[in-house]
Amino acid sequence: MKLMRIAVTLTMLAVLCAGCASDKDASAPPDASERIQVGGLGKSVHPFWEQVELGMNTAAKTANADIEFFVPSKEDAQKQAEKIKSWVALGKRGILFAASDPETVGAAVKDAIARDIICVAMDTDAPDSGRVAYVGTDNFAAGKIAGEEMGKILGGKGKVAIATGSVTASNSLERIEGFKEALKEKYPGITLLPEVLVDNEDRAVAVQKAKAKLAAVPDLAGFFGVYALNGPCCANAVKSAGKTGKVRVVCFDNLAEHMNMLKAKEIDIAIGQRPYLMGLKGTELISAIIRDGKDKALQEMGAKDGMIDTGVDVITPADVEEYRAKLKELGVPVTGW
Ligand code: BGC
């Protein structure tokens, strides 16, 4: 009798344990009390990524999430892929990532997805990785806006150099494509220098390459700074050459450095992205997927064709204060300018 009772208890335990195992399945109904572990993966040590991290941590408070944020010191797809692997081993529930190279990082993301980890791209997309969605700027459109602004301030003529932190990340490539397209369509009188200055988000390299280009092309009319790092580095090189206002700078981003240089008219136009919202909405999306499933979550978050567009603004020295008010309205914290 006693033996039979033990056998029945063991069978019941086995049934219960089978239930436990299926709870781990990502498609199973979520447990409301679950505290989710989310990895945030940026691309370089830069205030841009601090804004993304801040957005993630803000969302984490209501999403019942713990955030582990990581950036390599500069663009390094290998280090990013290794971090994703380590997060898979740690059993993270979600990963919000920006791939320095969609191939290398995308392979690690594919493995993570195969283990039921919710992977969302932000800032720079990697659609072939199978990520659920992309949260960030429409980079081709934003690059086009930058091209139009450059065309306008140069009156449609002159030589322009492009400086970027990456020639593998899709956001950089798309911005450059958009920029070229705008010039081709509307400002064919502008000559783009064939060599793109690439620094892999290393500040010293960025400044040195901008200085060298200024020295080699004395009639350079403008720099297009593709990444947050580039505009200020180009503007500083222009300043050292005593050419502020003569060599115009159109660049991405709206961090304190950019805003202060805009005020000083060392940068002419900034295309302001919303990195805080990338972190915030990306984390909210992961949490919503766990709560409501993928389709409902994407709908709730207003995704279109797998993208949540965080938007951009064109900022000139004249509308810095107006822009500050707009950021406040969007709930984006403003510091340092
Ligand atoms: C880009 C990021 C980049 C950052 C820092 C931003 O414009 O969207 O991908 O890492 O600049 O340079």
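Observations on the structure shown:
- Estimated inter-spin distance, residue 114 and residue 264, nm [label 7 Å along Cα→Cβ]: 5.1 nm
- Computed from the C-beta positions of residue 219 and residue 35 and an R0 of 56 Å, the FRET efficiency is 0.40 to the nearest 0.05.
- Once the Cβ-Cβ distance of residue 319 and residue 239 is raised to the sixth power relative to R0 = 30 Å, the FRET efficiency obtained is 0.85.
- Extent along the principal axes, Cα only, for segment 139-272: 33, 29, 28 Å, with the longest axis given first.
- The chain - Kirkwood radius from inverse mean 1/r over Cα pairs (Å): 21.2 Å
- Restricting attention to the chain, close to 10% of DSSP beta bridges with both partner residues there are antiparallel.
- 5 angstrom amide H check on residue 37, placed H, neighbours 5+ away: 66, 93, 94
- Lysine pairs in segment 51-154 whose alpha-carbon atoms fall under 30 angstrom of each other, counting only those eight or more residues apart or on distinct chains, come to 18.
- Couplings for segment 125-135, taken from phi via the Karplus curve 6.51 cos²θ - 1.76 cosθ + 1.60 with θ = phi - 60°, read 7, 9, x, 6, 6, x, 3, 5, 7, 10, 10 Hz in order; Gly and Pro are left as x.
- Maximal additional length on extending the residue 180-residue 196 stretch stands at 4.5 nm, based on 0.36 nm per residue less the C-alpha distance.
- Amide H contacts of residue 135: 121, 122, 123, 308, each under 5 Å away and 5 or more positions distant or on a separate chain (H built 1.01 Å from N in the peptide plane; Pro and chain starts excluded).
- Relative contact order of the chain, taken over Cα pairs closer than 8 Å and 6 or more residues apart, is 18 percent.
- With K and R counted +1 and D and E -1, the other residues having a Cβ less than 11 Å from that of residue 51 yield a net charge of -3.
- Neighbour-count order for 227, 187, fewest beta carbons within 10 angstrom listed first: 187, 227
- Near residue 66: Cβ cut-off under 12 Å, other residues only, Lys/Arg at +1 and Asp/Glu at -1. The net charge is +2.
Taken together, the values in this text are just the output of simple stated rules run on the coordinates, not laboratory data. This is a predicted model, so every value here is computed, not measured. Reconstructed Cβ throughout: ideal geometry from the backbone, glycine too, with neighbour counts over all protein chains shown.
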